[in-house]
């Protein structure tokens, strides 16, 4: 039996206002072809299917078109779990219909552990593989608030609750372990030691409530994880693997090669292999003075399927009021002339500042380029408020509540 492990598609994602639908279309074409060529039996998608809780019609159309294409392959089962970017209701709305098509959706924890146990049977009806399909676990799923508890107590309770969820699932799966039936566990969470990118949302299941791989039950044959966008392995016995996102979601991922994992069980023995995704579109960031950057950009060559997206961070020592106009003219010229790349963002910063940032035409990041934490910090600075760890932690807790609570129409 062969299983393909992928995650963090983030359908509908935009980078500085630029849609990624063409990249997703090409990745999904590659995925469908790979499933056919490699004779994959089970597809595991480990969270963050969409970039936002209520995706656009185009994002939904892209998703359902993929599922339609996958049904035409030799897949026996598709298993999709929810991530922190996904709303449970969005993923699970068509669950009953998709189940008929051998697509199982676990958008969120239901309170009934058996809902997360999915059996895959062979042609004679025997159970060949079991997936403990654990979705993103929100705080309400793993702990009960206690009056008077400190923040540290709360974080420890979250960690214990996450481990307990997997431990309880291992107990439920004991009947499979005893029969030597392999059980794969999924997850969408932060494991201690993971290498992060700028694009992972910093909420409580980020750095603070991360758990170590050694705390999880060793009965499971493989941990198929999502949430971290860099592909990486955290443990080998059993394997604890992040497949990573199929496309780069920020410039901090510009040096990461994107991949999926293919897991195979042969005569009860597990093996897994990284399969690199062809370069669909690369993100490349350049930084330096305006004297040097144009030459670097002109000498840049691309070999991706789509034009690469470049970012220019121009850093000068002394303020030059004409440089913003020169930079804009250069960007427009290069974008008109090049078919290999497009410059989608440029910034201009002066280290020896003699005037306020807000007087600069292109200083720093625009509002659309900043995340919530950066906007909050910028507001505090403008108001002259001292930024303390306690203040930022309170803000992140509020942010967590916003991101983990579904809106009601």
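Summary of values
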| read-out | value |
| --- | --- |
| Test for residue 270: is it closer than 30 Å to residue 130 by Cα, surrounded by 14 or more Cβ atoms within 10 Å (Cβ to Cβ) and in contact with a strand residue (DSSP E or B) (Cβ under 7 Å, 6 or more places away or on another chain) | yes |
| Residue pairs meeting the criteria (Cβ under 9 Å; at least 6 apart or on separate chains; first within 19 Å of residue 117 (Cβ to Cβ), in region 147-167; second assigned to a loop (DSSP other than H, G, I, E, B) and at pLDDT below 85) | 162/205; 162/209 |
| So residue 301, is it outside the structural domain of residue 245 (by TED's automatic domain parsing) and part of a strand (DSSP E or B) | no |
| Pair list, Cβ under 7 Å, 6 or more apart: region 80-94 residue assigned by TED's automatic domain parsing to the domain that holds residue 104 and over 21 Å from residue 3 (Cβ atoms), other residue at pLDDT below 95 and part of a helix (DSSP H, G or I) | 84/403 |
| Enumeration of residues in region 117-126 that are closer than 14 Å to residue 182 by Cβ and either assigned to a loop (DSSP other than H, G, I, E, B) or at pLDDT 95 or above (or both) | 117, 118, 119, 120, 122, 126 |
| Any hit, region 196-211, residues being modelled with pLDDT of 90 or more, on the phi < 0 side of the Ramachandran plot, in contact with a helix residue (DSSP H, G or I) (Cβ under 9 Å, 6 or more places away or on another chain) and part of a loop (DSSP other than H, G, I, E, B) | no |
| In region 1-50, the residues that are closer than 18 Å to residue 227 by Cα and surrounded by fewer than 21 Cβ atoms within 10 Å (Cβ to Cβ) | 14 |
| Among the candidates 114, 104, residue that is in a strand (DSSP E or B), under 30 Å from residue 178 (Cβ atoms) and touching a helix residue (DSSP H, G or I) at 6+ places or on another chain (Cβ under 8 Å) | 104 |
| Residues satisfying the stated conditions in region 233-257, i.e. under 13 Å from the mean Cα position of the chain (by Cα) and under 25 Å from residue 271 (Cβ atoms) | 242, 243, 244, 245, 246 |
| Residue check for residue 310: modelled with pLDDT of 95 or more, assigned to a loop (DSSP other than H, G, I, E, B) and either touching a strand residue (DSSP E or B) at 6+ places or on another chain (Cβ under 6 Å) or under 30 Å from residue 233 (Cβ atoms) (or both) | no |
| Criterion violated by residue 382 - all others in (1) at pLDDT 95 or above; (2) farther than 23 Å from residue 248 by Cβ satisfied | (1) |
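The values are calculated or read from the model by the stated rules, or taken from the named source; none is laboratory data. In this text the structure is predicted, and so the values were computed from the model without any measurement. Here the Cβ is made from the backbone with ideal geometry for all residues, glycine too, and neighbour counts use every protein chain on show.
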